[in-house]
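Each remark here refers to the structure printed beneath this line.
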Amino acid sequence: MRLFTEIIPPAYFLPGFCLTVAVLVLLSCVQNAIHNLPYYRIPAVGMSRWSLFDRQANVRFMASARALIREGFEQGHTMFQAMFPHGPMLVLHPKYVDEVRRHPSLSLEEAVKESLPVGDYPGFEAFRGTENHHILLDVINQKITRNLKQYTIPLARETELTLDEHFGQPQEWKSYCFASEVPYIVARLSTLVFLGEQVCRDTEWLDISVNYTLDIFGAITALRRWPPILRPVVHWFLEPAQKLRKRVQVARRIVQREMRRRQHEHKPRQPDALDWLHEVAGGRHLDVTTAQIGLTLVTIHTTSNLLTNVIYDLAANPQYLPPLREEIQSVLETDGTFHKTSLTKMKLLDSVVKESQRLNPPGLTSLHRYAMEEITLSDATVIPKGASLVVSAHTMQDESIYLNAHTYDGYRFYRKRQEPGHENKHQLVMTSAEHYGFGHGVRACPGRFFATNEIKILLAHIILKYDIRFPDGQSRPANWEIGQDLVCDQTVQVLFRAR
C-alpha cells in the first residue's frame, strides 16, 4: 500500500480505486450481457429476445425445461432458442438429428469448451479439452473396447466381492438407498480396468472417483454466478474449486504410488488403462493423473444413473425377474462362466436396459454442438456461426415411433430382434435417429461398449443373487429434472433379499 501511495498521491488514490472497480463492474456487466445476447431472428421460448439482463430466463429453464421445450415445438417451431445455464442455446427438432450428427462444421469439442467456464484453472484439468482428450479417446476406442473380452471374467469376480460388501446376504428384506450405493460399486469395477486390482479397492481413490464429478459441477455452478472477467481471480476463493484442487493432489499421490509400485513388480499381470495411456500417447504430452480422473468423469455417474433406472424399473415391474433369471442361468450353464459372448446372448437383459434408457435418457436433449460456420440445413433453416445447439430427445417417447411409448415394456427391443433380418439390430450399444441415449453418429459415446458390459455383469449378478422390490406404498419414482438433465431420484429405498 505504501508503494502505491508513493506513486499515486493520496488525494487521488481512493477516487482512482473506486473508478477502477466501477470500470471492472461495468466491463463485467457488458461482457455478461453480450454472452447472453439472444440469437437474431430466431424464436425465443421462456426468455426475452430484447432484454440483455433477463436473469429469470435461466431460472425458468432450470425449473421448467421440459415444459419450455414442449412449448417451443407446440408453437410450430422446428428450431428455437432457450436460456440454458451457460447462455442462449438453439433447440432443434429431432427430425434434424441425422443432419446434425453428420455435419463436419458442428463440433462437439468446441461446444463443450464454449459451455464450461473452467479456463486454465487448477483442479479443473480433467474437464478441459487438452491433449488428454484425444489420448483418452484413443485409449477407449483402441484399447478398452478391444480388450473387453479379457476383462469380462475379472469384472465378474470383482462384482461378486463388491456386491457381498455392499448388500451382503440378507435373509429378510433389507432396505438400501441403491442410488447412493451404486456409484461406489461402478467406480470399483471401472477402476479395475483403469488402474488395476489394488487401486480398485482403495477407498480413498473410490471417494475421488465418485465425488470429483459432483464437486466439479458444483464448482462450475459457482463460477457461472460470476462474470467471465472476474472468474480467473474468483475461482481461488470458491470452496468447491478448492475441494477440487485437494482431490487432484490426493489423486496424484495415489497414481504416482501405483506407478512406482509397478516399477518394482516382477510378476506378470493383466495390462490396464494405466499401461495403455502411456502406450497410446506416442510422445504426446500426457498428464496421467488427470487422464485417469477424466476416465472416471465420463464413466461412473452416467453408468450409475442408467443402472439405477434399470433397478427402479425392475422393482416396479417384478414380473420381468423370472424370465431374466431363466435367460441368464441358461446362458451361464451353456458357457460355464461369464464371457463377453455370454453377455451378447442375454437379449432380454439387453432389451430391459435399452427400454429403461429410452424412458430415462441422460437428458431432455442430446447432440450438443457448436457451429464453426453458418450452416444451412436441408429445409433452409439457418444456424448462425458461433451458435451452440442441441437436438431434443423427445422422439424417444414418440407415439408415432413406439407403441405405448410412455409405458415400460422390457420386451420391446427383444421382440424387434425376433423379426427376420433384425436379429443383430436394436441392441443397447447401437444408436439411431429414434434412440440416441448414447448420442448418435461418430461422436456417440465411445465408452458405451464398456458401460454396457459393466451394466450387464452387475445386473446379471444382482438378478441371480437377490429378490428386489420397492417398500409397500412406493411406486417407480420420477426422475429429478434439473434444466435439461435427468437424474434418477437419489433418495428412494429399494428392498433386497438374498435368494
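The values are calculated or read from the model by the stated rules, or taken from the named source; none is laboratory data. Keep in mind that what you see is a predicted model, and the values were worked out from it rather than measured. Reconstructed Cβ throughout: ideal geometry from the backbone, glycine too, with neighbour counts over all protein chains shown.
Do the conditions hold for Arg261, that is, is it closer than 30 Å to Leu459 by Cα, surrounded by fewer than 14 Cβ atoms within 10 Å (Cβ to Cβ) and either assigned by TED's automatic domain parsing to the domain that holds Gly410 or over 25 Å from the mean Cα position of the chain (by Cα) (or both)?
On the way: closer than 30 Å to Leu459 by Cα: no; surrounded by fewer than 14 Cβ atoms within 10 Å (Cβ to Cβ): yes; either assigned by TED's automatic domain parsing to the domain that holds Gly410 or over 25 Å from the mean Cα position of the chain (by Cα) (or both): yes.
It is false that Arg261 is closer than 30 Å to Leu459 by Cα, surrounded by fewer than 14 Cβ atoms within 10 Å (Cβ to Cβ) and either assigned by TED's automatic domain parsing to the domain that holds Gly410 or over 25 Å from the mean Cα position of the chain (by Cα) (or both).
In this structure, Arg70 does not qualify as part of a helix (DSSP H, G or I), assigned by TED's automatic domain parsing to the domain that holds Asp215, more than 23 Å from the chain's Cα centre (by Cα) and surrounded by fewer than 21 Cβ atoms within 10 Å (Cβ to Cβ). Restricting the search to helices (runs of 4 or more DSSP H) fully inside segment 114-232 and requiring at least 1 residues that are modelled with pLDDT of 95 or more and touching a strand residue (DSSP E or B) at 6+ places or on another chain (Cβ under 7 Å) gives 148-167, 178-194. Per the conditions (1) under 24 Å from the mean Cα position of the chain (by Cα); (2) touching a residue at least 40 places away in the same chain (Cβ under 8 Å); (3) within 27 Å of Phe84 (Cα to Cα), the sole criterion not satisfied by Ile229 is (1). Of note, His426 satisfies the criterion of being under 30 Å from Arg101 (Cβ atoms), touching a residue at least 24 places away in the same chain (Cβ under 8 Å) and buried (at least 16 other Cβ atoms within 10 Å of the Cβ). Contact map, segment 445-456: residues that are farther than 17 Å from His435 by Cα paired with residues that are outside any helix (DSSP H, G or I), Cβ distance under 7 Å, separation 6+ or inter-chain. Pairs shown: Lys456/Met346. Scanning segment 351-408 for residues that are assigned to a loop (DSSP other than H, G, I, E, B) and of a type in the set (Gly, Ala, Ser) yields Ser378, Ala380, Gly386, Ala387, Ala393, Ser400, Ala405. Taking the criterion of being in contact with a Leu (Cβ under 8 Å, 6 or more places away or on another chain) and more than 18 Å from Thr221 (Cα to Cα), the residues of segment 237-260 that qualify are Val255, Glu258, Met259.
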